[in-house]
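The block underneath contains the structure these notes are about, expressed in structure tokens.
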Amino acid sequence: MVEAGVRTLLVWCPDWPVVAASVAGGVVESGALAVMFGNRVLACSEGARREGVRRGLRRREAQGRCPQLVVVEHDPGRDARAFEPVVAAVEEVAAGVEVLRPGVCAVAARGPGRYFGGEEAAAERIVEQVALATSVECQIGIADGVFAAGIAARTGRVVEAGASRDFLSGVPVESLEEPQLTDLLKRLGIKTLGDFAALPPGDVLTRFGFEGALAHRLASGADHRPLAVRRPPPDLAVEETYDETLDRVDVAAFAGKVLAERLHERLAAYGLACTRLGIEAVTADGQELFRVWRHDGLLTSAAIAERVRWQLDGWLTGARLGKAAQPTAGLVRLRLVPDGVLAHVGLQPGLWGETGDERERAHRAFSRVQGLLGPDSVLTAVIGGGRSGDDQVRLVPWGDERVPERPATGHKDPIPGLETVPLLDKTERPPLRLEWTDGSRDGFTMIEVSRRRKRAAKPAEPPPWPGRLPKPLPAIVLPHPLPAAVHDENGQLVTVTARLELSGTPDVLRIARQAPVAITGWAGPWPVDERWWAAAEARRRVRFQMVLEDGRALLLSLSAGRWMVEALYD
């Protein structure tokens, strides 16, 4: 059973690239307008669709169907700047808005739903607010998880809690927006998300790789990354009111630097450090501007001042729907809110500058790239629990909380009760001995390869994730395992029986269509029998470590008679 996602309210503005182009470029949206990317139609207006223009058409074919078609090149920066007023309008009704991409933003549905007396009432209020503030039409979808809410927004539906999987069962697989995976699924006869979700997760991971497993999770009604809900901290904000208005970005940034120093002094008094910053600006006629910046690390005063500059630059130069390109008046108040804080353990200054200066420069560069290309353009790995390298690592956008999806505790190296042995030379052929720590199927910790049987001592406390790879871990985990074949001296394919007995000694390895390479050493097999009590989620395989004649060291797995190369050792 896949756990349900956070109850999510998603705001979707149809054909947003077209709306942004009409706002920034002065193009009439009601006419025949198409936004091109890579010489293909990315989005088109209703007038263009009436003439037969569709997404994915080449420029020449689209102009052939509609000779009066106005063509505009895609500009992600223009889309993001034009979407700022819409986000601001949504945030006037619901706090904690997360921008997924230009034209789409989401917020946790619990708060607005309770405040306005129901999720449908909250959706109607947000649609009304966006229309009044920006004259933009939007649609709302509410479901368990961001993906299901995005599908529901296409038709403006509110999916009942716990019914997201049933709602997605009849949706075509094209909604995954993975062209290669979608094409392969359709050729296999899988046309709906329900058909895809019915497949065993282990088989999906083996056949389609990590991206396919994420898509399978979405099709099952869950999300691979939950919505980041904002939690307001204690009142530690600093603000300043100015007699003379701040009309220029550089002047406002200098004022922000002074506030940043005050903010750090106040946080230091409480032993805290800022990781998520809210920037609020108020104009002379009362217009309020507010946005939240996330940061993976500790925000210094210089970093805060730089983010203030970036945000003010976006406000002052961003396109405004139905308004001038600048705020209505100069800034008279600037406020910095530490929206996310943690305990500051202190840093020892270095011999040449402060410790972490290089890290801070990298943080600023990554944050700037995210501001230009989107939050998913910079990803970082988070290590969690699992039995293999492919399921221990989860990629999260830079600035999100680095929390493992599945917790895991560390263990000593070597693992208590597990005796590691060197890789075998192919000339040594000792009999295989199986060692079990207890009678349970998950208690298997070691297969000892030796000439004399030796019983492993039962550990006082079993390590977490029994059966996971021991140290040292592979240096490179392949995103898509490579098909392989292991043959013995007689040229027969090596197999493993149910009693973990090899049909022959591994002698030659062939990876994909490459030339066969001799095996000089090997160790294994190590069985992994995950979730054997749930037939729909069970995954059973055995793993080997092999050293090849050319010096490479590989981690291979054998499942259902198929050999796969999973990772490489350095």
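The values are calculated or read from the model by the stated rules, or taken from the named source; none is laboratory data. In this text, all values refer to a predicted model and were calculated from it rather than measured experimentally. All Cβ positions, glycine included, derive from the backbone under ideal geometry; neighbour counts span all protein chains shown. Ligands, DNA and RNA are stripped out before the accessible areas are found, and what is left, the full protein with its side chains, is counted by its heavy atoms. Shrake-Rupley method; radii C 1.70, N 1.55, O 1.52, S 1.80 Å.
Spin-label model, R40/A163: points 7 Å from Cα along the beta carbon direction are separated by 3.6 nm. Label zone of V517 (point 7 Å out along Cα→Cβ, amide N under 13 Å): in region 538-553 this covers 546-553. In this structure the amide hydrogen of E566, modeled in the peptide plane, comes within under 5 Å of the amide hydrogens of L555, L556, S557, none closer than 5 places in sequence on its chain. About the centre of its Cα atoms, region 57-163 shows a dipole size close to 500 debye [charges on the beta carbon of Lys, Arg (+1) and Asp, Glu (-1) only; nearest 20 debye]. Between A553 and K191, the C-beta separation translates, for a Förster distance of 45 Å, into a calculated FRET efficiency of about 0.60. Phi angles across region 474-481 convert, under the Karplus curve 6.51 cos²θ - 1.76 cosθ + 1.60 with θ = phi - 60°, into 3J(HN,Hα) values of x, 7, 10, 9, 5, x, 10, x Hz, Gly and Pro given as x.
Region 125-153 and region 510-565 have Cα centres spaced 47 Å apart.
Note on surface exposure: H487, H480, H216 rank H480, H487, H216 by accessible area, highest first, 1.4 Å probe.
Extension gain, A131 to E265, is 44.0 nm, computed as 0.36 nm per intervening residue step minus the present C-alpha separation.
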